[in-house]
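The values are calculated or read from the model by the stated rules, or taken from the named source; none is laboratory data. None of the values given here were measured: they were computed from a predicted structure. Backbone-built Cβ (ideal geometry, glycine too); neighbour counts: all protein chains shown.
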Amino acid sequence: MEKAFWTERWKRRDIGFHQPHVHEQLKRFWSTLNLPVASAVFVPLAGKSYDMVWLATQGHRVIGVELSDVAVREFFKDGGQTPEIRSEGPFDLYSAGPFNLYRGDFFETSADMVRDAVAVYDRAALIALPADLRERYAKKLASIIPSSAIVFLVALEYPEHEMSGPPFSVPRAEVERLYGDTFDIQVLEARDGLEASGNLRRRGVSALQETAYVLRRR
């Protein structure tokens, strides 16, 4: 899957993956992490997610990485903010208020960029990638985040023959395979997500399980 795939989807407004609301499992379970006030949260493949705004309302600073400049610019425009923009290595860094969004390739993210992160919020990163890139993504994420950082992960599982991703089906066994050697994995909730996923229903998906996990480094 090439970078152009995502940049073109944003340009064409083919963004059925963008949720126009805050994710329910985020609101329900985030407080159980007991994170420090004003701590930083890393959001990979951030898009223009409203979840980042919600995290900021909980007192967090947000560090995001997003490939599409359209997504980054619209995030700040939608929030009525005019970001400061500067070059940071291979990235353009957009900063305003509690938000620091790096426009560029996630796989070029350095440990220094996320050194302050106490948690990772991944609702739409792992499931956005095909199998070969999921392997790379999981290894890269584990290599750059602080050893004490907690990962809040949301993954989807559906009959793969019914739809070609993204989003891709990532069952619990794959989460265990990708992260189990490095992290202890806790399932917070596995719920039926089909009713709330009109986009996937329209694409022919007949069953959908949405699972929220917490990963803590061993």
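For every residue, the table says whether it meets (1) of a type in the set (A, V, I, L, M, F, W, C); (2) at pLDDT 95 or above; (3) outside any strand (DSSP E or B).
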position	(1), (2), (3)
8	no, no, yes
14	no, no, yes
17	yes, no, yes
20	no, no, yes
30	yes, yes, yes
36	no, yes, yes
42	yes, yes, no
46	yes, yes, yes
65	yes, yes, no
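If a residue must be surrounded by fewer than 21 Cβ atoms within 10 Å (Cβ to Cβ), of a type outside the set (S, T, N, Q) and either modelled with pLDDT of 95 or more or in contact with a strand residue (DSSP E or B) (Cβ under 8 Å, 6 or more places away or on another chain) (or both), how many such residues does the stretch 107-130 contain?
Count: 8.
Yes or no: residue 152 under 18 Å from the mean Cα position of the chain (by Cα) and closer than 19 Å to residue 21 by Cα?
yes
Would you pick out the residues in the stretch 159-214 that are more than 28 Å from residue 141 (Cα to Cα) and among the basic types (Lys, Arg)?
Of everything in the stretch 159-214, those that are more than 28 Å from residue 141 (Cα to Cα) and among the basic types (Lys, Arg) turn out to be 201, 202, 203.
So residue 142 clears everything in (1) within 15 Å of residue 23 (Cα to Cα); (2) modelled with pLDDT of 95 or more except one condition, right? Which one?
(1)
Go through (1) in contact with a Lys or Arg (Cβ under 9 Å, 6 or more places away or on another chain); (2) at pLDDT below 95; (3) under 30 Å from residue 95 (Cα atoms) for residue 194 and report which single condition fails.
With (1) in contact with a Lys or Arg (Cβ under 9 Å, 6 or more places away or on another chain); (2) at pLDDT below 95; (3) under 30 Å from residue 95 (Cα atoms) applied to residue 194, the lone miss is (3).
Six or more apart or on different chains, Cβ under 9 Å: which pairs go from a residue in the stretch 198-218 that's surrounded by fewer than 12 Cβ atoms within 10 Å (Cβ to Cβ) to one that's among the polar types (S, T, N, Q) and at pLDDT 95 or above? Could you list them?
218/182
If you go through the stretch 94-105 one residue at a time, how many are part of a strand (DSSP E or B) and either among the polar types (S, T, N, Q) or surrounded by fewer than 18 Cβ atoms within 10 Å (Cβ to Cβ) (or both)? Don't jump to the end; show me each part of the working.
Taking the stretch 94-105 first, the residues part of a strand (DSSP E or B) are 94-96, 99-103.
Now narrow it down to the ones that are either among the polar types (S, T, N, Q) or surrounded by fewer than 18 Cβ atoms within 10 Å (Cβ to Cβ) (or both): 95-96, 100.
Residues flagged as part of a strand (DSSP E or B) and either among the polar types (S, T, N, Q) or surrounded by fewer than 18 Cβ atoms within 10 Å (Cβ to Cβ) (or both) within the stretch 94-105 amount to 3.
Using beta carbons and a limit of 8 Å, which pairs, at least six apart or on different chains, have the first residue in the stretch 155-167 and in contact (Cβ under 8 Å) with a residue 60 or more places away in the chain and the second one surrounded by 14 or more Cβ atoms within 10 Å (Cβ to Cβ) and in a loop (DSSP other than H, G, I, E, B)?
Going by the 8 Å Cβ cut-off, the qualifying pairs are 166/17; 166/129; 167/17; 167/124.
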